[in-house]
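The values are calculated or read from the model by the stated rules, or taken from the named source; none is laboratory data. Everything quoted here is computed from the prediction, not taken from an experiment. Using ideal geometry, Cβ is built from the backbone for each residue, glycine included, and neighbour counts are taken over all protein chains shown. Accessible surface areas use protein heavy atoms only, side chains included; no ligands, DNA or RNA. Shrake-Rupley method; radii C 1.70, N 1.55, O 1.52, S 1.80 Å.
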Amino acid sequence: MERYHPSEVYELFVRHMNTPRVVVDNGDCPTATLVQVHSAWKHGVLLEAVAALSDHGVCVRKGYISSDDGRWFMDVFHVTDAAGRKVADADALLARLESSLSADALPPRTPPAAAASAAAGAHTLLELVGADRPGLLSEVFAVLHDLRCGIVDARAWTHGGRVAALVFVRDEETGAPIDDLARVRRVESRLRHVLRGGARGARTVVLADAAAVNMDRRLHQLLDEDGKAEAPSTSAVAVQDWGERGYSVVTVSCRDRPKLLFDVVCTLTDLDYVVYHGTFDTDGDHAQQEFYIRRLDGRPISSAAERRRVIQCLQAAIDRRASEQGVRLELRITDRRGLLAYVTRVFRENSLSVTHAEINTRGDMAMNVFHVTDAAGRPADPKTIDDVIQKIGTESLRVDEERWPRLCSTEGDASRGGAGIFSLGSLVKKNLVSLGLIRSCS
């Protein structure tokens, strides 16, 4: 039996005491699965919980966040699967949440062979930012193919005339990370030329664990750092002061969609705000969220400029994913060298522009999603889509007509009526008001 030093045992004890407690209950609510998270305060723990729910593919219907002024937090989420039903794999959801939230136990002593094996799975991450234009993604993938960079995973977003992308690559021949300095500089130089973005256009990071990167969060950060997107927002975001309790109150009202809660919480977290209380509800395809926040130093928003920045960042975060417009194409095919360069070239030759892309490789299979429009950003001609499918392969490429916003607004909700959707939020607000934790907004 392996022995640990007393200091390691104490560290394990402290981690155990601070490990969030998670409950996933399918019996309490007749229409949704109830998820409860009880945790000590740690900056970002709410984001970790919301990210785990998003990664599991569940739809957050409603819920609330409450705390005893920042020491302990309780988060409650009512979630369904994509079809609006209770989550069938409740045990798997519980395991994912516990894995994401738990403080790591003492790791086993890793033998050298295992350590070498872990290093072999490392990848090189390319972070790309630049001005968007038709065919840009095709040019990027063509450059990487020419430089013998195999693409393992990638994600690209466009918004307001700008594009940000994360591309995990490895050497096509050896499968090893690309860490030779001269080669890295050559890759960055070629990509910067394509992106026309100068020194900030392309950056390379060698990672031992690619899974440690939350790609959605990093794309938000890249576009926020870029700060050049220009697009009107249709999302209603407001920030008000509640000086009596020392909170700033953020309200969001917009169309519901996948990962909306994640995008809002992610933005607030990366702006260094702590959510002390909050409620979120959906009514059909509409979402209403309210958060009571303070800065990390415990103070509320203190200036008009800071308020404007919060509003602008939240609107941009909401609109980026809402701009997943156009036809959604799913590609499932045996992976091969140059596959993405070929597929995106076919898109470009047929005057299709990729607005969002999600590239995944699992074993020898490529599982990719593309949102495409015509070159002017208008809906693509169905005949053009059909020609592209015929060119790439009808068994490999298909149109995905099932969109989550419709599924999150299920027929069951319509039969219950809008009042039922807001009943939890109203009850929570009444309870929080009676405890003196938040104000009444009625």
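Below are the figures for this structure:
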item: Within the range 323-332, tally of residues that are open to solvent by less than 30 Å² (accessible area, probe 1.4 Å) and modelled with pLDDT of 95 or more; result: 2
item: Tally, over the range 125-146, of residues that are over 23 Å from the mean Cα position of the chain (by Cα) and either among the small types (Gly, Ala, Ser) or open to solvent by 20 Å² or more (accessible area, probe 1.4 Å) (or both); result: 8
item: 3 or more residues of a type in the set (Phe, Trp, Tyr) and under 24 Å from TYR273 (Cα atoms): qualifying strands (runs of 3 or more DSSP E) within the range 16-91; result: 72-80
item: Any hit, the range 211-233, residues being surrounded by fewer than 17 Cβ atoms within 10 Å (Cβ to Cβ), at pLDDT 90 or above, polar (S, T, N, Q) and under 26 Å from the mean Cα position of the chain (by Cα); result: yes
item: Number of the condition not met by ASP272 [criteria: (1) surrounded by 17 or more Cβ atoms within 10 Å (Cβ to Cβ); (2) at positive phi]; result: (1)
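Residue-by-condition table, conditions (1) open to solvent by 60 Å² or more (accessible area, probe 1.4 Å); (2) farther than 16 Å from ASP281 by Cα; (3) of a type in the set (Ser, Thr, Tyr); (4) modelled with pLDDT of 95 or more:
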position	(1), (2), (3), (4)
ILE359	no, yes, no, yes
ARG362	yes, yes, no, no
ASP386	yes, yes, no, yes
GLN390	yes, yes, no, yes
THR394	yes, yes, yes, no
GLY417	no, no, no, no
SER434	yes, yes, yes, no
ILE438	no, yes, no, no
